[in-house]
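Coordinate-derived values only; no laboratory data. Just so it is clear, the model here is predicted, and its values are computed rather than measured. Don't worry about glycine lacking a Cβ; one is built from the backbone with ideal geometry, like all the others, and counts go over all protein chains shown.
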Amino acid sequence: MIRRSTRLLTTAVAGTAAALLLAGCGGGDGDSKANDKIAGADTETEPSASPTPSATAGRPEIALPPDLTYTFEWPKTGDKAKDAVLYDSQQFIKAVDMAIAEQKPLDKGYRFYSEGEAAAGSQKFIQEFVDYKDRITGAKRYYAAKVQVNDGGTASLVYCEDQNKAYNKSLKTGKTEVTPQSKDDYVLYSSRLRVNKQGIWVTEKLMSQRGSSVCQP
């Protein structure tokens with residue numbers, strides 16, 4: 001049974017790999033801090049307005065259950081490309097949850113925002129919820145995002161997720177499985193993206209480290 005509702009793409013990432021990607025996205029924060037925290041993770045930040053998407057037609061509509069909410073503490077950077085990476089990553093996260101809610105492992109929404117390993121991992125993850133007839137309910141919080149845009153139309157994004165208030169909800173019984181809070185509810189993600197011909201930043205790889213000390217409050 002899936003014990004936590006938001007074990008997004010359960011591919012584990014080695015701590016050293018995550019640390020390297022963090023350093024690469026630092027943009028001047030090259031010195032490793034003794035407490036291994038992402039810069040800004042300890043700072044109270046008001047959720048920002050969603051970054052402006054690229055002017056691309058054909059984006060799928062993302063419709064989610066009213067009992068599932070998000071907080072993205074990802075302020076605008078002022079850089080058009082970086083803000084587009086953040087926006088499209090938000091849409092990818094929501095599109096995966098929509099596919100879970102609608103029980104569609106091949107839903108076009110998340111496939112619009114992902115390719116390769118990330119798309120395949122998403123399909124497998126969604127299928128687990130379909131097999132158990134579960135979906136996600138509650139509140140999800142994302143914070144401490146660090147983005148780097150590279151030459152050649154590629155980008156890296158590292159961010160944290162707080163799953164303490166997100167749970168499994170059975171589609172068969174309608175009951176929510178409320179689990180106790182745990183350090184494992186804090187997850188570090190690192191993703192690699194590229195911009196496609198339509199101007200969408202698609203996620204090609206997404207790795208996660210559950211219980212990461214980097215994301216602990």
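Want the number for residue 130 to residue 79: 0.36 nm per residue separation, take away the alpha-carbon distance, what's left?
Here the segment from residue 130 to residue 79 would lengthen by 14.5 nm.
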query = Which of the lysines could a cross-linker span from residue 175 if the Cα-Cα distance has to be under 20 Å and same-chain partners fewer than 8 positions apart are dropped?
reply = 133, 140, 165
request  = Determine the shape class of the stretch 114-205: with a ≥ b ≥ c the square roots of the Cα gyration tensor eigenvalues, call it rounded for a/c under 1.5, and otherwise prolate if a/b is greater than b/c, oblate otherwise.
outcome  = oblate
Residue 148 versus residue 120: modelled label distance in nm, points set 7 Å from Cα along the beta carbon direction = 2.6 nm
request  = Using θ = phi - 60° and the Karplus relation 6.51 cos²θ - 1.76 cosθ + 1.60, list the HN-Hα couplings for the stretch 188-193 in order, rounded to whole Hz, with x at every Gly or Pro.
outcome  = 9, 10, 9, 10, 10, 10
request  = Using DSSP to define loop residues, name the trypsin sites (Lys or Arg not before Pro) in the stretch 80-143 whose beta-carbon has at most 13 other beta-carbon atoms within 10 Å.
outcome  = 133
Residue 108 versus residue 182: modelled label distance in nm, points set 7 Å from Cα along the beta carbon direction = 3.8 nm
Computed E for residue 165/residue 196 - FRET, C-beta separation, R0 41 angstrom, nearest 0.05 = 0.75
query = Which entries in the list 80/108; 172/205; 108/169; 108/183; 183/205 go over 31 Å, if you measure between the two C-alpha atoms of each?
reply = 172/205; 108/183
note = Checked the stretch 58-217 with the C-alpha gyration tensor, a ≥ b ≥ c its square-rooted eigenvalues, rounded below a/c of 1.5, otherwise prolate if a/b is larger than b/c and oblate if not; verdict oblate
